[in-house]
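Shown below is the structure under consideration.
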Ligand code: UDP
């Protein structure tokens with residue numbers, strides 16, 4: 001009898017920053033011979049349709065991948081709310097439902113997928129680490145449980161040791177304890193991370209909050225995962241990926257958005273500023289994007305807008321919602337020098353040689369994409385993993401600078417930082433470091449590079465474990 005085929009059932013997550021790595025991981029798995037069933041929350045599917053300007057029936061993100069021969073099946077699942085329900089404003093209500101009702105919906109769907117399979121597959125579950133539901137469901141269906149983490153491994157290992165950090169009093173972080181070096185977690189001693197660099201949850205820790213529950217339960221449950229995949233590059237985070245590997249099989253398989261497979265570069269292919277960009281001199285344009293969540297901070301928008309004007313650089317600024325927060329007359333005053341778009345294909349923009357710098361909120365995908373494209377950054381983290389990501393970019397890798405060195409953002413400082421990044425002596429050293437780092441990442445993506453090797457090692461280990469019939473040997 002021939003070897004069974006692997007069938008990955010992937011449960012996509014509910015935030016935009018997870019969509020691109022998850023769909024790229026699906027393509028990567030399918031390109032390696034797995035059958036993939038990808039399940040998106042229904043509202044994410046609607047969001048993609050809207051972003052793509054297509055009707056809901058046409059918003060399957062894998063149409064092109066399927067045309068190129070990959071076996072990726074696609075379906076959606078309701079989280080119990082209508083598509084236009086605002087899950088950011090109603091964060092608590094949304095997550096309470098994810099804890100309460102969502103697991104049984106996922107359970108039923110997985111049962112149906114498995115029962116309707118037309119051949120005997122070896123099924124495995126791939127879900128976001130932030131979901132706590134996979135352990136129970138994977139166990140029920142005797143599937144291997146693969147946890148996918150879309151932030152840096154450093155953030156993973158910090159959450160993984162939540163109990164230890166709490167026990168030793170590292171959080172909640174009090175005002176005067178911002179600079180305490182965290183030296184109790186194996187693998188991260190050398191980078192001397194301080195309490196101020198911890199993710200925002202550690203600062204606003206509230207025992208009764210839903211965010212606390214999400215992280216605590218997720219990192220309790222991940223200890224039962226059979227495999228952990230991280231969207232990072234081994235060479236960038238080697239020590240702590242190795243330390244994690246001592247605990248559970250952990251693989252650095254990133255950046256998944258830049259696989260060398262012949263797949264769509266992004267789910268959104270409209271870049272309406274492409275022609276404008278091509279008319280600009282090399283390295284002269286600042287790309288500004290604060291990620292997928294709208295930042296409704298009027299004062300910040302004003303200082304940045306005025307800083308950009310004072311700096312005199314060319315720019316592309318992605319503002320999804322909230323263009324009305326820009327100062328009166330900004331669009332008009334800056335129209336010769338910049339474009340404002342509501343969405344673009346970020347990878348395509350960053351890889352254009354006219355881009356000289358990226359003013360970013362430090363979302364992990366954005367950082368990986370900037371490194372891949374060799375673009376140095378100006379960092380302005382808001383929350384979640386972004387403060388920790390900033391530390392890596394500015395303090396450790398030295399491929400970016402801070403937007404402001406104090407607590408508030410001031411237009412003059414913004415202008416200075418932009419000028420420092422685009423076309424100064426400092427930027428030469430940043431650019432040199434970035435070039436080096438970019439080439440490390442591109443080597444990792446080569447056929448014999450760490451990313452490729454780790455991914456194939458993961459598949460081999462998955463097969464080996466499936467052959468033993470054992471699941472959940474951890475935790
Ligand atoms: N992105 C994009 N076009 C835009 C803005 C963002 O394609 O106009 C993509 C970007 O390439 C990245 C993702 O959206 O892959 C944002 O993820 P990130 O982790 O940087 O930030 P988050 O949105 O999760 O805060």
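Tell me the helices (runs of 4 or more DSSP H) entirely within the stretch 38-138 that contain at least 3 residues that are under 22 Å from the mean Cα position of the chain (by Cα).
Details: elements: 42-52, 63-67, 91-100, 102-115.
Passing ranges, in order: 42-52, 91-100.
Here is a further query. Considering the stretch 310-320 alone, what residues qualify as being within 12 Å of the ligand (Cβ to nearest atom) and assigned to a loop (DSSP other than H, G, I, E, B)?
First pass over the stretch 310-320, keeping only residues within 12 Å of the ligand (Cβ to nearest atom): 316-320.
Once the filter is applied, which keeps residues that are within 12 Å of the ligand (Cβ to nearest atom) and assigned to a loop (DSSP other than H, G, I, E, B), the stretch 310-320 yields 319, 320.
With the checklist (1) more than 14 Å from the ligand (Cβ to nearest atom); (2) outside any strand (DSSP E or B); (3) in contact (Cβ under 8 Å) with a residue 24 or more places away in the chain; (4) under 26 Å from residue 182 (Cα atoms) in hand, flag the one item residue 451 doesn't pass.
The number of the failed condition is (4).
Looking for something free of Cβ contacts under 8 Å to residues at least 40 places away in the same chain, within 16 Å of the ligand (Cβ to nearest atom), touching a strand residue (DSSP E or B) at 6+ places or on another chain (Cβ under 7 Å) and assigned to a loop (DSSP other than H, G, I, E, B) - is there at least one such residue anywhere in the stretch 292-303?
No.
Next up: Quick check: anything in the stretch 16-23 surrounded by 20 or more Cβ atoms within 10 Å (Cβ to Cβ), part of a loop (DSSP other than H, G, I, E, B) and either under 17 Å from the mean Cα position of the chain (by Cα) or at positive phi (or both)?
No: the stretch 16-23 contains no residue that is surrounded by 20 or more Cβ atoms within 10 Å (Cβ to Cβ), part of a loop (DSSP other than H, G, I, E, B) and either under 17 Å from the mean Cα position of the chain (by Cα) or at positive phi (or both).
Restrict the check to the stretch 239-260 and report whether at least one residue is in contact with a strand residue (DSSP E or B) (Cβ under 6 Å, 6 or more places away or on another chain), surrounded by fewer than 20 Cβ atoms within 10 Å (Cβ to Cβ), modelled with pLDDT of 95 or more and over 30 Å from residue 340 (Cβ atoms).
First pass over the stretch 239-260, keeping only residues in contact with a strand residue (DSSP E or B) (Cβ under 6 Å, 6 or more places away or on another chain): 241, 244, 248-253.
Now restrict to residues that are surrounded by fewer than 20 Cβ atoms within 10 Å (Cβ to Cβ): 248-249.
If we keep only those that are modelled with pLDDT of 95 or more as well, we get 248-249.
Filter once more, keeping what is over 30 Å from residue 340 (Cβ atoms): 248-249.
Yes, the stretch 239-260 has at least one match.
(1) closer than 24 Å to residue 17 by Cα; (2) touching a residue at least 12 places away in the same chain (Cβ under 8 Å); (3) part of a helix (DSSP H, G or I): which one isn't true of residue 433, the others all being true?
Only one criterion in (1) closer than 24 Å to residue 17 by Cα; (2) touching a residue at least 12 places away in the same chain (Cβ under 8 Å); (3) part of a helix (DSSP H, G or I) is unmet by residue 433, namely (1).
If you scan the stretch 167-199, which residues turn out to be assigned to a helix (DSSP H, G or I) and surrounded by fewer than 17 Cβ atoms within 10 Å (Cβ to Cβ)?
The answer is 167, 175, 176, 177, 189, 190, 196.
Report, ordered by the first and then the second residue, all pairs with beta carbons closer than 8 Å, sequence separation of six or more or different chains, a first member in the stretch 16-27 that is within 17 Å of residue 291 (Cβ to Cβ), and a second member that is near the ligand (Cβ under 7 Å from one of its atoms) and at pLDDT 90 or above.
17/363; 17/364; 17/365; 20/365; 21/365
Out of the stretch 273-291, which residues are at pLDDT 90 or above and either part of a loop (DSSP other than H, G, I, E, B) or within 14 Å of the ligand (Cβ to nearest atom) (or both)?
277, 279, 280, 281, 282, 283, 284, 287, 288, 289
Just checking, does the stretch 381-396 include any residue being touching a residue at least 24 places away in the same chain (Cβ under 8 Å) and closer than 23 Å to residue 277 by Cβ?
Within the stretch 381-396, not a single residue is touching a residue at least 24 places away in the same chain (Cβ under 8 Å) and closer than 23 Å to residue 277 by Cβ.
Sticking with this structure for a sec: Cβ-Cβ under 6 Å, sequence separation 6+ or interchain: first residue in the stretch 325-345 and under 12 Å from residue 289 (Cα atoms) and free of Cβ contacts under 8 Å to residues at least 60 places away in the same chain, partner within 16 Å of the ligand (Cβ to nearest atom) and in a strand (DSSP E or B). Which pairs?
340/317
Check 394, 339 and return the single one that is more than 15 Å from the ligand (Cβ to nearest atom), surrounded by fewer than 23 Cβ atoms within 10 Å (Cβ to Cβ) and at pLDDT 90 or above.
Testing whether each residue is more than 15 Å from the ligand (Cβ to nearest atom), surrounded by fewer than 23 Cβ atoms within 10 Å (Cβ to Cβ) and at pLDDT 90 or above leaves just 394.
Within 10 Å of the ligand (Cβ to nearest atom) and either under 30 Å from residue 187 (Cα atoms) or modelled with pLDDT of 90 or more (or both): does that describe residue 350?
Yes; evaluated as a whole, the condition is true for this residue.
Name, by its number, the condition in (1) more than 16 Å from the ligand (Cβ to nearest atom); (2) more than 22 Å from residue 320 (Cα to Cα) that does not hold for residue 24.
Residue 24 satisfies every listed condition except (1).
Further question: When residue 421 is evaluated against the numbered criteria (1) crowded, with 20+ Cβ neighbours inside 10 Å; (2) within 21 Å of the chain's Cα centre (by Cα), which criterion, by number, is the only one it fails?
Unmet condition: (2).
Here's the yes/no breakdown for (1) more than 18 Å from the chain's Cα centre (by Cα); (2) more than 13 Å from the ligand (Cβ to nearest atom); (3) crowded, with 17+ Cβ neighbours inside 10 Å; (4) more than 24 Å from residue 413 (Cβ to Cβ):
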site	(1), (2), (3), (4)
326	yes, yes, yes, no
329	yes, yes, no, no
357	yes, yes, yes, no
360	no, no, yes, no
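The values are calculated or read from the model by the stated rules, or taken from the named source; none is laboratory data. Model, not experiment: these values are computed from the prediction. Here the Cβ is made from the backbone with ideal geometry for all residues, glycine too, and neighbour counts use every protein chain on show.
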